[in-house]
Amino acid sequence: MSVDSSDSSGRTTQSTSKPQSRASSSTTQSTSSKSESRPSSSKASSLRGPHVKLEPVDGPSWTIKESPLIAAGGGTGKGMFATRLISAGEVILTDMPMLMLKSPYANGEDDPVWSIDDRPHEIPPKDVYKAFKKLSTDDQLYCLTVLSHVATSDKQLLNSAKDVKLEAKSHDELIEAGKILAIWENNVLQAEGELQILCRNVSRINHSCVPNAVHTWDFLSGLSIRAICDIPAGTEVLISYVRDFDCYTKRAEDLTSYGFRCTCAACGESDYSRESAKRRSELDELELSLVTHDPDGDGTPGKPEISTEDELRICKRMLQVLAHEPSMRSFEAEIQYHYGYRLHDLGRTAEAVEHLEAGFRLLTICQGSERSTTQECKEELDECKEELDEMPSFIKPERSSVRK
């Protein structure tokens, strides 16, 4: 998320991207990182105070430093690195958002570009600008000098600022407005539903289509980054900015506004990337088969438009495919839970226990033990175990092995 991406002429040297693309770059890198463009405007220097810290404070298990993956692509930029072994399920950091906005089109009313997928609607530029100007002086300076954006010329920044419709339209104000919008575009994350946020430290975490961490959102504690596998000391912490199941072309398109073309293990030309592409395509089709509908239009999902037998078959196949995609543990957790829940409904209690145990373990890693979904899975698991304990030993079915 942080790359020094422009020279004095405004030409792109290295940068990064995100869905809802606007700018593109032909540069490549192994993981994504957002371009770090340090302003030379008098506005930034006028915000500078004697106690402002421009760099993030290192956490107990991580530090911010130059990313060799970005350097390998010809750019300069920073990322977040583990300073010790970070265990799977460990919270790496929790960040409260500096900006938190929700699209006025969240309910589909008067939405000029309505979409049926799970991507949030775009926040109107004027709303982003107004919210930014309400930030503290320290936070504004931090965003303008530390957070990255795709390298753009003054002409492009001025063009972007037109949507803000400033009352005072001096050249410097419009340049600043364009930069604010570019920073938002390059660093915003979808927290929950239509809620979009900008965080101080999470914005320094770079992208990979095979991440080693995920983020979870809670209104009380903020955005948490959790390790989904063991991350050795010295390893860069990576999250995904895009939807896991999208094909390479779609992922590359969604990453365009970050200004880079990802060349991680899933995006290269290796045998793994080709096989991963097939698996992601199959998972996408299988997931669509499980989508529920709302027959009454009251916001309550109905049952999947498939038979129970087909539903179980699809879940089983998804788990077989996901066994080869360990970076998709969050999704595997949900499928293990769903599969175990449905098996319990059908009275296949022993099988249900195996999958609910796997689901609970993965949910604890990816979401934490206090999340409602994790607790519901645990309650279902405990109920199944009680039923098994009450069964006479001579009729208890043998428990099969589920991937750990």
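Just so you know, all these numbers are worked out from the coordinates, no wet-lab data involved. Everything quoted here is computed from the prediction, not taken from an experiment. So basically every Cβ, Gly included, is an ideal-geometry build from the backbone, and we count neighbours across all protein chains shown.
Just a few scattered comments:
- Length released on extending from Cys229 to Ser87, taking residue separation times 0.36 nm less the Cα-Cα span: 50.5 nm
- Packing-based exposure ordering (other Cβ within 10 Å, fewest first) of Cys143, Cys209: Cys143, Cys209
- Separation in nanometres of the label points that stand 7 Å from Cα toward Cβ, at Asp163 and Glu383: 4.6
- Taking other C-beta atoms within 10 Å as the exposure proxy, Ile225, Ile175 rank Ile175, Ile225 from fewest upward.
- With a threshold of 22 Å on the Cα-Cα distance, the over-threshold entries among Lys102/Lys133; Lys65/Lys102; Lys78/Lys250; Lys65/Lys179 are Lys65/Lys102; Lys78/Lys250; Lys65/Lys179.
- Ranked packing of 364-376, 182-194, most packed first, by mean Cβ within 10 Å: 182-194, 364-376
- Residue separation of Ser281 and Asp172 scaled by 0.36 nm, minus their Cα-Cα distance, works out to 34.6 nm of gained length.
- Sorted on the mean count of surrounding Cβ atoms within 10 Å across their residues, most packed first, peptides 131-139, 232-240 read 232-240, 131-139.
- By the count of other C-beta atoms within 10 Å, a proxy for reagent exposure, Tyr339, Tyr129 are ordered fewest to most as Tyr129, Tyr339.
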